[in-house]
Amino acid sequence: MLELLVAVLALALAYFALLDGWYLVRVPCAVLRARLLQPRVRDLLAEQGYAGRVLPSDLDLLLHMNNARYLREADVARAAHLARCGVLGALRSLGARAVLAASCARYRRSLRLLEPFEVRTRLLGWDDRAFYLEARFISLRDGFVCALVRSRQHVLGTSPERVVQHLCKRRVEPPELPEDLQHWIAYNEASSQLLRAESGLSDVVKDE
């Protein structure tokens, strides 16, 4: 019995030492919870909330939530959001997938130890290659928007238009993207062109 306990502890130690253990647990759990325990969201543009709390493991040397943790929490909330509104299921049905191609974070106020917060995620729109999402970190103490994360989910194997059409059973025109988001998309495209030029690649070659 003691040998079995030591083996289990050794496996657990190796799992968390060699792999990003909590992330590999949290994302599947968030997706399963969204699919099995929460009602389906039919409105693709509806905002969804994902509750959280600042834990000791989230802190940096300044004793507030580390900037990298915001991106991690946004990632978990985004997976749950896409599962609940059916996008992940539609991608699987079409034999496609979506990968994070770009993200941008703005930090407005620190989240402190044990402070409760909610990540409110919504789909802003899509173009011929990607979905664009926004995640707002709302302090549940006073409703202040502590941080905002924008992300570009590049669709591989199909197009965002086909994903939406698969979900809605009809062709849907994408909403007009916010002006500031359009500037960010233009910046990303300009950056890609510069990097392709530096690498000696043709303009035909696109970032994945």
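The values are calculated or read from the model by the stated rules, or taken from the named source; none is laboratory data. Predicted model only: the values in this text are computed from it and were never measured. We place every Cβ from the backbone using ideal geometry, glycine too, and count neighbours over all the protein chains shown. Surface areas here come from the heavy atoms of the whole protein model, side chains and all, with no ligands, DNA or RNA. Shrake-Rupley method; radii C 1.70, N 1.55, O 1.52, S 1.80 Å.
Kindly indicate whether Gln165 is modelled with pLDDT of 95 or more, among the polar types (S, T, N, Q) and surrounded by fewer than 17 Cβ atoms within 10 Å (Cβ to Cβ). It is true that Gln165 is modelled with pLDDT of 95 or more, among the polar types (S, T, N, Q) and surrounded by fewer than 17 Cβ atoms within 10 Å (Cβ to Cβ). Answer yes or no: is there a residue in the range 58-78 that is open to solvent by less than 80 Å² (accessible area, probe 1.4 Å), in contact (Cβ under 8 Å) with a residue 12 or more places away in the chain, of a type in the set (Val, Ile, Thr) and in a loop (DSSP other than H, G, I, E, B). No, the range 58-78 contains no residue that is open to solvent by less than 80 Å² (accessible area, probe 1.4 Å), in contact (Cβ under 8 Å) with a residue 12 or more places away in the chain, of a type in the set (Val, Ile, Thr) and in a loop (DSSP other than H, G, I, E, B). Just one of the listed residues (Val99, Val172) is β-branched (Val, Ile, Thr), assigned to a loop (DSSP other than H, G, I, E, B) and surrounded by fewer than 16 Cβ atoms within 10 Å (Cβ to Cβ), namely Val172.
The residue of the range 80-96 that is nearest to the chain's Cα centre (by Cα), among those that are surrounded by fewer than 18 Cβ atoms within 10 Å (Cβ to Cβ) and assigned to a loop (DSSP other than H, G, I, E, B), is Ala96. Please go through the range 155-179 and give me each residue that is farther than 11 Å from Trp126 by Cβ and of a type outside the set (Gly, Ala, Ser), ordered by number. Result: Leu156, Thr158, Gln165, His166, Leu167, Cys168, Lys169, Arg170, Arg171, Glu176, Pro178, Glu179. Remark: Pro39 matches the filter, which requires a residue to be open to solvent by 80 Å² or more (accessible area, probe 1.4 Å), out of contact with any Asp or Glu (no Cβ under 9 Å at 6 or more places or on another chain) and closer than 24 Å to Glu134 by Cβ. All of (1) under 18 Å from Leu167 (Cα atoms); (2) surrounded by 11 or more Cβ atoms within 10 Å (Cβ to Cβ); (3) modelled with pLDDT of 95 or more hold for Arg109 with one exception: (1). If you check Ala51, Ala46 for being part of a strand (DSSP E or B), surrounded by fewer than 16 Cβ atoms within 10 Å (Cβ to Cβ), modelled with pLDDT of 95 or more and more than 14 Å from the chain's Cα centre (by Cα), only one passes: Ala51. Residues that are in a strand (DSSP E or B) and surrounded by 14 or more Cβ atoms within 10 Å (Cβ to Cβ) within the range 113-122 comprise Phe117, Glu118, Val119, Arg120, Thr121, Arg122, listed in sequence order. Within the range 123-158, the set of residues being part of a loop (DSSP other than H, G, I, E, B) and open to solvent by less than 30 Å² (accessible area, probe 1.4 Å) comprises Thr158 only.
When residues in the range 175-184 are screened for being open to solvent by less than 100 Å² (accessible area, probe 1.4 Å) and part of a loop (DSSP other than H, G, I, E, B), 3 of them pass.
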